[in-house]
Structure formats: structure tokens, C-alpha cells
1. Could you list, in sequence order, all residues of segment B:273-296 that are within 11 Å of chain A (Cβ to nearest Cβ) and in contact (Cβ under 8 Å) with a residue 40 or more places away in the chain?
2. Are there any pairs, at least 6 apart or on different chains, whose C-beta atoms fall under 8 Å, with the first in segment B:187-206 and touching a residue at least 40 places away in the same chain (Cβ under 8 Å) and the second buried (at least 21 other Cβ atoms within 10 Å of the Cβ) and among the small types (Gly, Ala, Ser), and if so, which?
3. Checking the conditions here, which among B:Ile110, B:Ile126, B:Ile90, B:Ile81 is of a type in the set (A, V, I, L, M), surrounded by 16 or more Cβ atoms within 10 Å (Cβ to Cβ) and not in a helix (DSSP H, G or I)?
4. One residue is enough: does segment A:227-242 have a residue meeting the conditions surrounded by fewer than 18 Cβ atoms within 10 Å (Cβ to Cβ) and over 29 Å from A:Arg205 (Cβ atoms)?
5. Mind listing whichever residues of segment A:228-254 are touching a Lys or Arg at 6+ places or on another chain (Cβ under 7 Å) and either within 28 Å of B:Pro283 (Cβ to Cβ) or β-branched (Val, Ile, Thr) (or both)?
6. Criterion first (of a type outside the set (Lys, Arg) and under 30 Å from B:Leu467 (Cβ atoms)) does B:Val106 satisfy it?
7. I'd like the full set of residues that are in a strand (DSSP E or B), surrounded by fewer than 21 Cβ atoms within 10 Å (Cβ to Cβ) and charged (D, E, K, R), limited to segment B:278-302.
8. Exactly one of these conditions fails for A:Asp155: (1) in a loop (DSSP other than H, G, I, E, B); (2) of a type in the set (D, E, K, R); (3) within 26 Å of A:Phe35 (Cβ to Cβ). Give me its number.
Amino acid sequence: MSSLLSRHAESVFWMARYFERTESLGRIIETQTSFQRGRGDDNGWAWIVALYSDEEAFAKAFPEANSENVIRFYMAHTENPGSIQSSIKSARENARALRPMLSIDMWYQLNDFCNRVFAFSNAELAEVRLSRTCDAIKRGCYAQIGVAENTLYHDETWPFFRLGLFLERADQTSRLLDVRFAQQQTGLATDEGHYDHTFWSILLRAASAYHAYRRVHPRHIDPREVARFLIFDPRLPRSIAYCLSEMQAMIELLRRNFGLRNAGPAAERVEAMIEGLQTASNDDNLLQNLHAFNDWVQSSLILLNDELGKAFFGYAKATEASVTLPAPAAISQTQSQSQTQVAR
Amino acid sequence: MATITALKNPSTVAPLDTYNAGQFYCELLGSPDNRNRHLTALWHRLQQLELLHLRERAADAERELFNLGITFTVYSDRTAIDRILPFDVIPRVITAEDWKTLDRGVKQRIKALNLFLWDVYHDRKILKDGLVPEDLVLGNANYRPEMIGYDPPCGTYIHIGGTDVIRDPRGEFFVLEDNGRTPSGVSYVVENRHLMQRAFPDLMHGFAIESVSEYGTQLGDKLIECAPAGVSEPQIALLSPGVFNSAYFEHVFLAREIGIPLVEGRDLFVDDDKVFMKTVSGPKPVHVIYRRINDEFLDPEAFRPDSALGVKGLMRAVRKGNVTLANAVGTGVADDKAVYAYLPRIIKYYLDEHPVLPNVQTNICREKDGLGYTLDNLDKLVVKPVGESGGYGICVGPKATKAEIDLCRNQLKADPSNYISQPMIELSVCPTLTDQGVEPRHVDLRPFAVTGQETWVLPGGLTRVALKRGSIIVNSSQGGGTKDTWVLKEDNA
């Protein structure tokens, strides 16, 4: 019988989510520095705000979506719960609640990383240095996840860590795939942009997937293939399919090795998503329907998060009304809010 | 053995060359009239360290404490600020011989206090025999009627005790205070040692020092001894107020060292007078709770109804014998300032022994002699109201104005039983690294004792040091720091 406290399970799950969120945001911002390279204007940044549906909060904080403001809003604005500083701080608050369960190395690493992130100078946040700064964030998160992998005691705490990590990663990869849509919304890109090879290779690089893609598709960067690679490839650690299969394995681990019986609904939710992915892989117009697909992914992940909460974290049993989602083809256009969701 | 003067090298300035402990007992050198304590080896070693080098290593050590998260947390608005307790790198050393006395003295006091608590919650013999005034105990705010007739396993109320000890200029130990509620600070004892072992292995090399690493296992064993009867594999949990508590690190430390879950009130619930914790696999029974929450917040049903930190129904589970709390509820009546004054009599009454560690001389103003002596010597004494804590209402005679003394006299006469008086205390000093070099700073000592069937005392204890020159206030809230405390296995340092 497991004696892992529900509260600790929830904290380890959210800590991992925040690590991954921090890393992904670093990737997104780095992506923009690549887009911006060689461009003279300063208005290419607004799409990040659109990508995270932060228009309202951003407008309250800053008058204009120029590079300086967007960078500040997402890197160092503690009023923005989705900023890198806020995310890493939330990771640390969860880690603090979890301290008796963490290895000392994990806490040490996190303190070190937090101190670094909160000591970013203006020079480090300037556009010219931003790529390096984002890289430091990424590497900080790698270290964090690596320390966990190598020092955390792999009892039932571990599957919860992995679940948080891959749930957030699936969400973030779907956001990365939605960049073009966000850019179109802010008037930065046109429809033909779908076939813009530079764009799609930047996206691949943002997912650390460029060379892997090259190995599988040596001839050319085909936008359709890039999207399919980032969604369906079972061997790419940041693809949505990979994340789902990892989550499936973790839930199975909880059921089988740790005897947690109430994992059923969460397992079913993941299975439904895997099926949804299969449906989508048959869609010839996937590229055109990409935004709706991403929306479906993000909404489904919110429901999965809730199932995990009800099964393990002591969330109240919600009404059953909202739990059925339509298949990916006929999805509503509402943007997911999970980016600003914080640990309860 | 060489004298200190002979150890000085006239050609260079070493850290301790200008050190002068004045009229105080020095933990390194001994009493003012004989500065030749058996610690010349350590003195010599310190002398060989360069001051600048010492400072660098001290700074490294403090940084490490921060990154390891050995911190207390100060919350303001929504930001959490982690601070380390200032750490002084020059250790405080207790000889093997002195430790024997301390160990015996602490055990004796804990034993007497547990017997006293059992008595006042059962037969009240000591009150009936008139040794301790009845109203002082039964009318005490910390006396808990809920505990009347309750039999704690092993007869132990104070499972974890901290005894505050000071040293006069002759080197005699005195007890300033017994802490029988939720004494804190033991995590620093262990972590300070680990830090010294990493940062100053050269300073420790070759000295046989008692280990402090056993605390967690000792405490865990004692808690298991005190589990409710008939439970074969008791589940212990540490109950913390949560991350917002300034001592949260210590709670984490203890949970890890004992190997038990760190729970908050919201993780527990009581069903059918039994306690359960909420886990990912459902409710799991809990049998022993090391609680770091004060009595009044423990159970909104029994005590403060507005407490969000506690567990509803916990006291019912206690009284049914389904769960053991450590420390028991209601121990506050034994470590009260007024009851403290009676402790030598309490020891004599239950154990028929003299106190191994005497109290600081305390005049009980509710008694005729005590009041008379106090009134005659107001300018020399510290007068303390017994019901207050945190230093409120204290009159420090030697530093008070005439008006303050007159006011104190009037208050004393109006309500003598609310007061005790004590002479001005002189704390011993220890060489301490300061901005001005190595200087004497006042220290106290809090040894920690854990009790189940028997009592075990952690060899060492928390040495708190007042970092301000001349100050005797060692509290961390007022500029106090800590030192590693070495108990020698043999007196060869």
C-alpha cells in the first residue's frame, strides 16, 4: 500500500510541469530570436502573446508588444504567472512542499538555478544576448530533470514526475505547432507561410528535432512531414505521440507496480487521445486543420490533468457533463487556458 | 601542558593573538583566573589559520548552507525569503568530563518533568503535599484539563526536550529554561557538523568527537516505543504547520532523518476516533504523530475552533489511545517560568536527588523570603513576570532608571505571585569570527533529549552565539548565530 501523500504526488506532478514549462518557454522565445534574425522591424513579437492567449494580461502590463516588452513579460515579469521567472518560482514552491521527498541534489540544483534566473541582468535580457540566455534556461532545466532522473528515489513519486513532465511537454509541443496560427492572427504571416521552409526548420530546431528529422527525411523540409514528425513520430522525445505513450506507460506503472486502482479513467483518457491521434494521422488536410487539432490536444490534456487530480490528488469529483470531447476534426475554437493554470 | 602565552609566535599576528575573554568563562580557554583549559591543541590549530583564509572559508560555508536549503523562511507579502542562520566556523568544545555532567543533568530533569506531568494530570500528590502551589499549576493557561486521567505510553509526556544551559565565570553550568513543548534547533546541530566536516576537515582532524548523526534513528526508536499498545507496525508522521512556518526546514530535516512522511493538518483526518492520512492509494492509518504545532492549534474541536492547521477530532483519538502525540498535549505547564523556580524541589520530591544541573538562583516572590530579598535588591536583580514570554515586562535592575525600579516595586507589591527574580546572568564566551577579527561572544547551549522508555541525549546540542559585541541575546531573531558543538570522546583537544 502506497504511503505517498496525495498532496506530495500533486506537488511532484506540478513541479515537473513547471520545469517543462520553463524549458518550453525558453524554446519559444529562442525561436523568435531566430525568426527575428536579419529582420529590421520590432513588431515581430506579438505572436508570442497570442500563442499563450495572454493579450489581456499583457495589455494591462505594457502599452506595446515590442521586443523589449514581450521579452520582459515572458522572461522576468513576476506579475505574469506564465513568465519564466514565475514558472521556476512555482516549481520551487512545489519543490519546497516536497522537500522531504526530494534528493538533496535536486533541491541544491534548483536553488542554484533559481538564483541564476532571478539574477538575469538587463544585458542578458536584451535581444542580442537573448539566445544565449534562453539556452542557459534550457540547460538549467535539463540539469533539473537529469538530477531528478539520477537521484530521485524511483518509488511511486517517479511516475507522477514523469506524468507532469510529459503532460506539459505534449501541451507545449502543440503550442509550438500553433506558432504559425498565432503569427497569422497578429498579421505577421500569410497563408502561403505554410510552405515557408525557413519557418518549419526553425520549428524543428526549437523542438531539438532538426537532425532527427533530417535523418528520417533526408531530402527536403516538407511542412506536412514536419508537422507529422512533431505529432506522430514515436521515437522523437518531444512528439505528442511519444508524450502520450510515456504517460500511458507511467499510468500502467502506477496500476501494476504500485497497486493504485483508481487510475482507470486517466488511462482511458490517454487511450482516447492516442485514438484521436490515429484519426488525425489519416487527415489529408492536417496542416490546414492544425489549429483545431492543437486545440483538441490542449483541451484533452486539461481533462487528463483533472482525471489524475480526481484519482490521486484529492480533487473534488467534478460533474460528468464536460468530459466528452468531440473527435479532432470538429473542434471548437476556444483557446486553452492551461498555460496560466497554477498548482492548486 | 604549555601555557597560552608560550603558544604565541611573536613574529606574526595570528587570529587569536589579540583575543581577550575578559572576566567571562571562555569555552576554549577556561575561567578568567586560569586560562589553561585542556584545549591547547585546538587553539594551536586555529592560530595557524590565516584570518583572511578563515574568512573565505567561512563565506563558502555560508553559501553552501544557502544552496543546501538549510534555511529559515521569512515571509513578507507574497515573497518567501530564505535566510540562513548565521554560522560561526569556530567550534564550541565541550570536554568529555563536562559532557558527563550535562548528560546526567538533562536526563534527571526530563525524568522529573515527566513524573511531575503524570502527577498533575492524575493524583496531584505534589500539589496536595504543598510543594508546588496548586493554583500555579491548575490555574495555568497551559494546563489542559483534556489530559486529566490520560495515560501516555511509557508515561512519557516530553518525548523531545531541549534544555537551555548557560555557564557562569567559574565554568559552572546552570539551567536557564526547560523546553518541553516543541523545542527547535536540532537540525542545525546535525547540519552544522556536516558543514564543518566538509569545510574544515583540517580543524577536526585527529580529534575524537562524538557523532551527532544518530539523532533521527534514536528519535524514531523512541517514538515507536511510545506507539499505542497492540500496533505491530506503527506508522509515524511528522505534523508541520507547512511551508509558511519559519522552522519548515527543520521539519523536512526531521522527517527525512526519521524516514517518516511530513504531513500537514489537511493531509490527516479522524474517522471513528482513528487518525488517517490521505495517500494516493487512499486513507492510511497513523499511530504516532510528532507534532510541531502548538497545543491550541492541534484540534479545532478541542482547542481553538479557528485553527486551520490542526486535525478535527485528534484529541478524541488521543484519549481513546489510538494515536500518540509527541510531545503530549499539556506539557507547557511543566516548562513554565513559574514552575521552573520549583524544579529543584520537584527533582527532590520525585527522585530524592539533588539537581545535577542547578537552576539559576530564582527568588519566588509569592513566598515571603523571596519577596523580601527581591524588594531589598531590586537594583541588582532581574524581575520577570511569570505569565509573559518574549521578554515583556522584565525589569533589569542594574540597567533600570530609578523611576522604573519604583514602578517595578509597586507592581511587585500589588501582585507578588506574578513575579520571580534572578541575578544578572553572565554567559560564557567563545572565540568568534567577527568583522573586527576573532573576538569573544556570548554563547548558550541547548542539548536535546529524546525519551521513550529511557532518555537519550544527543551529545552536543545547539550552541547559539550572540554576534553583537557584549550582547547576551542569542535568539536568531535578534542577531544570534550558531556554532558547531563538539563533545570530545577523550579530553585531548
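1. B:Met277, B:Lys284, B:Pro285, B:Val286
2. The qualifying pairs are B:Val189/B:Gly460; B:Val189/B:Gly461; B:Arg193/B:Gly460.
3. Numbers: B:Ile110 fails: not in a helix (DSSP H, G or I); B:Ile126 fails: not in a helix (DSSP H, G or I); B:Ile81 fails: surrounded by 16 or more Cβ atoms within 10 Å (Cβ to Cβ).
Answer to the check: B:Ile90.
4. So far as segment A:227-242 goes, no, none of its residues is surrounded by fewer than 18 Cβ atoms within 10 Å (Cβ to Cβ) and over 29 Å from A:Arg205 (Cβ atoms).
5. Residue satisfying the conditions is A:Met250 alone.
6. On the way: of a type outside the set (Lys, Arg): yes; under 30 Å from B:Leu467 (Cβ atoms): yes.
So B:Val106 fits the description; yes.
7. Matches in segment B:278-302: B:Lys278, B:Lys284.
8. (3)
The values are calculated or read from the model by the stated rules, or taken from the named source; none is laboratory data. Values in this document were obtained by computation on a predicted structure and should not be read as measured data. Neighbour counts run over all protein chains shown; Cβ positions are idealised from the backbone, glycine included.
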